[in-house]
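So the structure is just underneath, and the comments pick up after that.
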Amino acid sequence: MSMVLTVNRRKRSVDADADKPLLWVLREDLDMPGTKFGCGAGLCGACTVLLDGQAVRSCQTLISEAAGKQITTIEGVTALPAGQKVVEAWTRIDVPQCGYCQAGQIMSATALLTANPKPSAEDILLGMNGNICRCATYVRIERAIREAAGLETKA
């Protein structure tokens, strides 16, 4: 079945079953490997993308649910004002250790700051809930979010 998806502000035609997970359409059909496969059950956050600005787990989102909506991936996150700030802070603070989860972390942080530009510590904790970092870079992740929000001075 042919579907048109809007990915990073660009219309893309995909020939895939309507029940194929968005994660695999991005990685396999659209050759966009930045969105990572983690657990496949929507529990780890590695596959997070934005769907109409909301953070969703692409491993659990069918392409039929994404059709007609704006999909933003890690490859296009810097086109969003909050995404640009998050990526700059992530880089400046050197957040990643192994880096595998970081695309999902950045996407969730971008959704958080888009919805709540000045989050409290509790807001950050809640907004990032479900994004797992096996290297435990959580302190740097929170610091980068606070910096991107202008709540902390730049490193």
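Checking Gly38, Gly83 one by one, the residue that is assigned by TED's automatic domain parsing to the domain that holds Gln102 and closer than 14 Å to Gly104 by Cα is Gly83 and no other.
The numbered conditions (1) aliphatic (A, V, I, L, M); (2) under 19 Å from Phe37 (Cα atoms); (3) more than 13 Å from the chain's Cα centre (by Cα) are all true for Leu125 except (2). Reported count of residues in the stretch 1-28, each being open to solvent by 50 Å² or more (accessible area, probe 1.4 Å), in a loop (DSSP other than H, G, I, E, B) and among the basic types (Lys, Arg), is 1. Assess whether Arg10 counts as being at pLDDT 95 or above, touching a Lys or Arg at 6+ places or on another chain (Cβ under 9 Å) and among the basic types (Lys, Arg). Criteria not met by Arg10.
Residues in the stretch 29-69 that are closer than 14 Å to Asn131 by Cα, part of a loop (DSSP other than H, G, I, E, B) and open to solvent by 10 Å² or more (accessible area, probe 1.4 Å): 10 in all.
Checking every residue in the stretch 123-131 against the condition of being modelled with pLDDT of 95 or more, touching a helix residue (DSSP H, G or I) at 6+ places or on another chain (Cβ under 9 Å), more than 25 Å from Leu23 (Cβ to Cβ) and not in a helix (DSSP H, G or I) gives zero matches. Filtering the stretch 120-155 to residues that are surrounded by 15 or more Cβ atoms within 10 Å (Cβ to Cβ) and among the aliphatic types (A, V, I, L, M) leaves Ile124, Met128, Ile132, Ile141, Ala144, Ile145, Ala148, Ala149, Leu151. Listed by first and then second residue, the pairs linking a residue in the stretch 40-64 that is among the basic types (Lys, Arg) to a residue that is outside any loop (DSSP other than H, G, I, E, B) and surrounded by 15 or more Cβ atoms within 10 Å (Cβ to Cβ), with Cβ atoms under 7 Å apart and 6 or more places separating them unless they lie on different chains, are Arg57/Thr48.
In the stretch 70-87, of all residues being open to solvent by 10 Å² or more (accessible area, probe 1.4 Å) and part of a strand (DSSP E or B), the one that is nearest to Met3 (Cα to Cα) corresponds to Gln70.
The values are calculated or read from the model by the stated rules, or taken from the named source; none is laboratory data. Remember, predicted model here, so these are calculated numbers, not experimental data. Heads up, the Cβs are rebuilt from the backbone with ideal geometry, glycines too, and the neighbour counts pull from every protein chain shown. Note: accessible area is taken over every heavy atom of the protein model, side chains too, but ligands, DNA and RNA are not part of it. Shrake-Rupley method; radii C 1.70, N 1.55, O 1.52, S 1.80 Å.
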